[in-house]
Structures are given as structure tokens and as C-alpha cells.
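Visitor: Here's a structure for you.
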Amino acid sequence: MGKGSGKLPALQTVMLKRILGKSGYQVSEVGFGAWQIGADWGEEVSRESANEALQAAVNAGMNFIDTADVYGGGRSEEIVGAFIRECEEKLYVATKMGRATEEWNSGYDEVARAAEASCERLGVDSLDLVQLHCIPEETLHAGQVFESLEKVKQRGLIKQYGVSVETIDEGLFCIANSEAVSLQVIFNIFRQRVISDLLPVAMENQVGIIARVPLASGLLSGRFARGHEFGENDHRSFNCDGQLFNVGETFAGVPFADGVDLAGQVSDLLDEECSEASLAQKSLRWVLDHEAVSTVIPGAKNASQSSENANVSGISPLSEQAHSDLRRLYDAQIDSRVRGRY
């Protein structure tokens, strides 16, 4: 973490690159999270808006896009695929597999079929990075899935593979028992245990960290008040208490009302930092201040959100005092409220 003065304006895009683990890929430190444009939660994002968001991201220097085969039943991959075929810039696309069916088989045939389907939707011959998509822990421990991925890699359908995990223990297991080049983890101001328990091990083993849910499903944007009602198709409504999948994926596992209050405290602590930046930008900057992080992948459903996210790369690191204050807040008031697998 740096001792930045926090004086650079928030509206200055200077997109820096970082190495994604052993892959050697130089990826933008702010990437594009493509869950929202899949339109399987919340308000549907039109293809026009999705393309504008992607173009704004590329214009701002982003070259890393994260999607999955289940986002919108493949819609996200299809939109991303159509976009990259028309884009002249070199882009890295990371997708995911393993949640298309309830009884996903980790054998070679299943993994190869999933890779082929993603290649078809993306319009590519080989996937830059495929990530196991929070598959059951017992499937990870069985080890067959890593053997299957190695065979699919040898065949040329994938160039690199990583794992999106729900828990720190899963991440440590993958580092010790696979050739995964990256781990995708929930990492934000409301989820700080990974700083001491996972990030140092990942760095030591040259495993890149892709930080997801960096704004705690929007809580760390400071836009919500207690009593806010989300649409019935929004995961922040139907999964607010983990009704359908890990509660950690929604509001980082913090109860919504508590999270609103805590976000207010975070905002107060960061009031003197990066004066022209929004709370969302400061929260993303906090993630990037950890050198183990290769890229952070906030979602965006329009060009304005893409540009705001990208500008974080031009903001100076938060001060050491700010990091200390946020850690004390986490230890005293947040950690005990985090629910779900962690």
C-alpha cells in the first residue's frame, strides 16, 4: 500500500497495467465486469447500452473483461463476443464454467463441451482464461477437474485457467493443488480477511487476484438509504439473505440495513481522501492499493459507469491513515456481521 497524497483528481484516466499471475498477461488494473449486461438480474441492459459501456471501457484503457457462460444464459458472452470481433484493441476475455447445470460433471468431456460452447459464443478459437465458477468444494478437492482443464489446455481450447472461489480455504487449496494462474475472490472494504489470510500466499506463488463484488453490490457507492426496495428480479432482493446462492455474493454478506449505515461510516472516514472522487471510486481505489490484486472488476451497464470506474486508475492511493481507520472499523463493527461462506 502506498502513502499517496490523494491529491490527483478523480476525473483523470491513467489506466495502469498489472501482471495477471503466471499467465504473463498485462491486464488493466480496472477491468469490466460483464454480469450486469447479461440481463439476468435487475433491469435489463439493452445491447446498445452494453456496447456503449464496453466501448467506453476500452476507450479508457480497459483491456480485461470478465464474463461467464451462465450470465443471461450466454447473453453476456454473446454480447462480449460480438464486441471483441469489431474491436481493434487487444483485449483479454475471462469467462467461467461449472454452474450451467446443477449436476455439473468435472470430467474431461463436460469441461471440453463447456469450453467449446464459450468459444462459439465469444467467436474465438481459444479462451484467454477460463475460471471454475464457484463449484462445490468437494468437486475441487477431488482434483479431477484440474486434470480435465489441463487436457483441455493441451488441446488448445483454453490458454490459461483460474478459479473463482467462495472461501479463503478454497483459494489456498487451489494454490497448493493446481496450476491455476488466478483466483477470483470477493474483496472489498466489507471483506478484509483475505488481506492477511490469502493475498500473501497468492503473491508468493505468482497467482493473480481478480477482485469481484468490490462495491458490495452497490452499498459502497453510498447511493442507498435504509428501506430502499430493489426490483423482484434483482439479486439484491431475492438473494439478500442467501435464499438462492451464497449470501456473500450479495452485499458481501452484510445485512442491507447494516451495510447502509456502515457505508456512511466509510464515507465519513474517507471524506478527506481524493476530494474529487466519489465514494465508489475511493472504495475501488482501496482494493487497488493492495499490490497482490491484478485487477478489480466492477460492473457497468452504461458508458458513464464505465468511465467512472476507469478513472480510479488515475487516483492516488489512499493514505496509510485511511487504511488503518478502515481496518479498525472492519475489526470492530463489520467482520462479525459478514454472513455466508468466507
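Visitor: Over 32 Å between Cα atoms: which of K159/K301; K153/K282; K151/K282 fall into that group?
Guide: Pairs exceeding 32 Å: K153/K282; K151/K282.
Visitor: A further question on this structure: Arrange the following residues from fewest to most other Cβ atoms within 10 Å of their Cβ: I297, I168.
Guide: Numbers: I297 25, I168 19.
The most exposed by this proxy come first: I168, I297.
Visitor: Hey, what did the range 155-250 get for relative contact order, percent, Cα under 8 Å, at least 6 apart? Please list the in-between numbers first.
Guide: On the way: 104 pairs, mean separation 22.0, N = 96.
Contact order relative to length: 23 percent.
Visitor: Continuing with the same structure: Please list, by residue number, every one of the GluC sites (Glu not before Pro) in the range 166-237 that is coil in DSSP and has at most 12 other beta-carbon atoms within 10 Å.
Guide: Values: sites: E166, E170, E179, E204, E229, E232; in loops: E166, E179, E229, E232.
Here the sparse-neighbourhood loop sites are E229, E232.
Visitor: For a quick check: sort T101, T139, T167, T250 by the number of other beta carbons within 10 angstrom, fewest at the front.
Guide: On the way: T101 10, T139 15, T167 19, T250 29.
So the residues, fewest neighbours to most, are T101, T139, T167, T250.
Visitor: Relative contact order for the range 49-162: what percent, with Cα pairs under 8 Å and sequence separation of 6 or more?
Guide: Numbers: 157 pairs, mean separation 29.6, N = 114.
Contact order relative to length: 26 percent.
Visitor: Output ³J(HN,Hα) for the range 44-60: one whole-Hz value per residue in order, computed from phi by the Karplus curve 6.51 cos²θ - 1.76 cosθ + 1.60 with θ = phi - 60°, and x for Gly and Pro.
Guide: 5, 9, 5, 4, 4, 5, 4, 5, 5, 5, 5, 5, 4, 4, 5, 4, 8
Visitor: With the crude spin-label approximation of a point 7 Å out along Cα→Cβ, what separation in nm comes out for S46 versus D261?
Guide: Here the modelled spin labels are 4.2 nm apart.
Visitor: Now a separate question. I'd like the orientation of helix 108-122 relative to the chain: the angle between its Cα long axis and the longest Cα principal axis, in ° from 0 to 90, rounded to 10.
Guide: 60
Visitor: A further question follows. Students often check this: by mean Cβ neighbours within 10 Å, which of 155-161, 280-286 ranks highest, and how do the rest follow? It would help to have the intermediate numbers written out before the result.
Guide: Details: 155-161: 19.6, 280-286: 25.4.
Highest to lowest by the protection proxy: 280-286, 155-161.
Visitor: Something else: Rounded, prolate or oblate: which fits the chain when a ≥ b ≥ c are the square roots of the eigenvalues of the alpha-carbon gyration tensor, with rounded for a/c under 1.5 and prolate only if a/b beats b/c? Mind showing how you got there, number by number?
Guide: Values: a/c = 1.43, a/b = 1.33, b/c = 1.07.
Since a/c stays below 1.5, the shape of the chain is classed as rounded.
Visitor: Which of D289, D69, D197, D331 comes first, and how do the rest follow, when ranked by fewest Cβ neighbours within 10 Å?
Guide: Details: D289 18, D69 24, D197 14, D331 11.
The most exposed by this proxy come first: D331, D197, D289, D69.
Visitor: Rounded, prolate or oblate, given the Cα gyration tensor of the range 138-241, with a/c below 1.5 counting as rounded?
Guide: Numbers: a/c = 2.63, a/b = 1.82, b/c = 1.45.
Prolate is the answer for the range 138-241, as a/c is 1.5 or above and a/b outweighs b/c.
Visitor: Also, I was wondering about something else. To the nearest 0.05, what FRET efficiency results for D335 and E116 with a Förster distance of 56 Å applied to their C-beta separation?
Guide: Numbers: r = 42 Å, r/R0 = 0.76.
My answer for the efficiency is 0.85.
Visitor: What GluC sites (Glu not before Pro) in the range 46-122 are in a loop by DSSP, with at most 14 other Cβ atoms within 10 Å of the Cβ? Could you put the intermediate results ahead of the total?
Guide: Values: sites: E48, E52, E77, E78, E86, E88, E89, E102, E103, E110, E116, E120; in loops: E88, E89, E102, E103.
The qualifying sites are E88, E89, E102, E103.
Visitor: Would you work out the relative contact order for the chain, in percent, from Cα pairs under 8 angstrom that are 6 or more residues apart? Numbers along the way, then the final one.
Guide: Values: 719 pairs, mean separation 96.2, N = 342.
Relative contact order comes out at 28 percent.
Visitor: Got a sec to turn the phi values of the range 267-283 into Karplus ³J(HN,Hα) couplings, 6.51 cos²θ - 1.76 cosθ + 1.60 with θ = phi - 60°, whole Hz, x for Gly and Pro?
Guide: 4, 5, 5, 9, 4, 8, 8, 6, 4, 8, 8, 7, 4, 4, 5, 5, 5
Visitor: Another question, if that's okay. Given labels modelled 7 Å from the Cα in the Cβ direction, how far is it in nm from D241 to K17?
Guide: 4.8
Visitor: Could you give the nm distance between label points at R327 and A142, where each point is 7 Å from its Cα heading toward the beta carbon?
Guide: 4.1
Visitor: Sticking with this structure for a sec: DSSP beta bridges in the range 17-337, what fraction antiparallel, as a percent rounded to 5?
Guide: Approximately 15 percent, going by the DSSP bridge assignments.
Throughout, read-outs are computed from the coordinates displayed, never taken from laboratory work. Not measured: the values here are computed from a predicted model. Reconstructed Cβ throughout: ideal geometry from the backbone, glycine too, with neighbour counts over all protein chains shown.
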